[in-house]
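The block underneath contains the structure these notes are about, expressed in structure tokens.
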Amino acid sequence: MQRRKFLNLGALVGLSTLLSSSLHAVNFRQSRPEAWTAHTVDDAIAKLYPNQVIHEGGVELSVPKIATNGGSVPVNVSSSLEAKSIALFQDTNPEAAVIALSIHKNSIIDYDFKLKLKSDGSTPIKITAVLEDLNGALHISSKELIVPSGTCDG
Amino acid sequence: MKIKAKFKGDHIKVKAMAKHAMLTYDQAKRKTGDSNDANFITHITASVNDEIVFEASTSQFLSKNPIFKFKFKGANKGDVLTMTWIDRKGNTKTSQTKIK
């Protein structure tokens, strides 16, 4: 009987931990599903951040000028602004949205990811970063790169 | 998931790799004939002491076995970093590491 009580208590603690840690979670795939099926960068931004004012700059984006492997293109995004979220888009794959990050109290905006980018070998690919600040304004920055050989099929 | 978390004085630096095929809709269609077989990580979080420190909603366009590098404040050496991902098919994986 005591063992059963102990197990029940354990399950309750586990559940409350799960609930407390998921309380502030924001899943953009659930809250903005239409943003993930948009085919153009502008459309994806408009669907992820509807009716928001866009400012140039305020977010730094670092990509190689020439990526050697389209299946794994390094991208760094950083900013000193206080933000609610930050998202990355590209204009070569079938859908534009790549990743959307929620910024939490202890987050530092300095992220590195590796992207899969479809390429014809010569057309420049544009990567766009959008940061949503605490007032809801958007800050945008973009960089172009070339993936010389078609190493990724998106 | 392979996770390295290092205390750097005023922040913690994390490098994590999730082992996942990250199969796109196009790749799935070519492989199995059905794009609905696509499967990729859709949401990933990292937390320390019940506080979320990293959270990303993700698409099919991260690399195979995606790597996530991020930094955060408010934790110390010895604290446990917990990372959890869920994919399109509902599979989930949780891994933990101590901050060194």
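Electrostatic bookkeeping for A:Leu134 treats Lys and Arg as +1 and Asp and Glu as -1; over the other residues with beta carbon under 14 Å from its beta carbon, the sum is -1.
Using a 1.4 Å probe over the heavy atoms of the protein chains, calculate the carbon and sulfur portion of the accessible area of chain B as a whole percent. Answer for chain B: carbon and sulfur cover 45 percent of the accessible area. Each Lys or Arg adds one and each Asp or Glu subtracts one; over the other residues with Cβ under 12 Å from the Cβ of A:Ala44, this totals -3. Rounded to the nearest 20, the Cβ-based charge dipole of the stretch A:71-154 about its Cα centre (Lys and Arg +1, Asp and Glu -1) stands at 100 debye. Rounded to the nearest Hz, the phi-derived 3J(HN,Hα) couplings of the stretch B:94-100 under the Karplus curve 6.51 cos²θ - 1.76 cosθ + 1.60 (θ = phi - 60°) are 10, 9, 10, 8, 8, 6, 9, where x marks glycine and proline.
Summing charges over neighbours of B:His11, with a neighbour being any other residue whose Cβ is under 11 Å away from its Cβ, gives +3 when K and R count +1 and D and E count -1.
Placing a label point 7 Å from the Cα of B:Lys89 along the Cα-to-Cβ direction, the residues of the stretch B:40-67 whose backbone N falls under 11 Å of that point are B:40.
Dimensions of the protein assembly as shown based on its C-alpha atoms, expressed as ranges along the principal axes with the largest first, amount to 68, 44, 36 Å. Taking all C-alpha pairs of the stretch B:2-98, those more than 22 Å from each other amount to 33 percent. A Stokes-Einstein calculation at 20 °C with viscosity 1.002 mPa s, built on the Kirkwood radius of the stretch A:27-154 over Cα pairs, returns a diffusion coefficient of 146 µm²/s.
The values are calculated or read from the model by the stated rules, or taken from the named source; none is laboratory data. Note that this is a predicted model, so its numbers are computed, not measured. Don't worry about glycine lacking a Cβ; one is built from the backbone with ideal geometry, like all the others, and counts go over all protein chains shown. With ligands, DNA and RNA removed, areas are computed over all heavy atoms of the protein, side chains included. Shrake-Rupley method; radii C 1.70, N 1.55, O 1.52, S 1.80 Å.
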